[in-house]
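Only one structure is covered here, and it is reproduced in the block below.
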Amino acid sequence: MVGYFGHDDGRLSVRVRTPLAVVMLGLALAGCGSNNPNEVAATTTSSAANPAPAPVTVGKDADGKDIPLQVGQGLEVELAANPTTGFAWQLAELDQNTVKENGGAEYQQDPSPDGMAGVGGQSTWKFTATAPGATRLLLEYRRSWEQGVPPAETFALNLTVT
């Protein structure tokens, strides 16, 4: 018999018709796509006549600056980090109705010599401007388990979306 759960010689077996397996595989593949939130925003908010502006990338030198963005535009913040110390950048303030965070930070370790442990790297945060307005982006470099302790570092941007 095909397409049932059954027993063959005391063993549980599952038999599925080949066309059903092909359909299931096709559905699984159709759900796959890009993990890049900026690509999704660009394809849903732009047209051939009005493409979304290129993402703005900033680092520690932009701390405290005013950053203008357009609706649909991406923002990437790259900051030095070293999670082996227990410290990590954490989002402390942002009006997500104006600028939306696209997942958490992504960490990329710097190249390290053989046998070297505890080498730092870059923490990259990605955001997308979603509606006109103004908001403050505040990131804090802290240990999550330390309560009542000021952050070791802060990073802030004043974002204006048009």
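Check ASP95: other-chain or 5+ apart residues with amide H under 5 Å from its amide H, H built from backbone geometry?
ARG136
So, taking all protein chains as they sit and a 1.4 Å probe, how much accessible area belongs to ARG143, in Å² rounded to tens?
Number for this one is 60 Å².
Please list, in order along the range 67-77, the HN-Hα scalar couplings obtained from phi with the Karplus expression 6.51 cos²θ - 1.76 cosθ + 1.60 (θ = phi - 60°), rounded to whole Hz, x for Gly and Pro.
10, x, 9, 10, 3, x, 7, x, 9, 10, 10
The values are calculated or read from the model by the stated rules, or taken from the named source; none is laboratory data. Just so it is clear, the model here is predicted, and its values are computed rather than measured. With ligands, DNA and RNA removed, areas are computed over all heavy atoms of the protein, side chains included. Shrake-Rupley method; radii C 1.70, N 1.55, O 1.52, S 1.80 Å.
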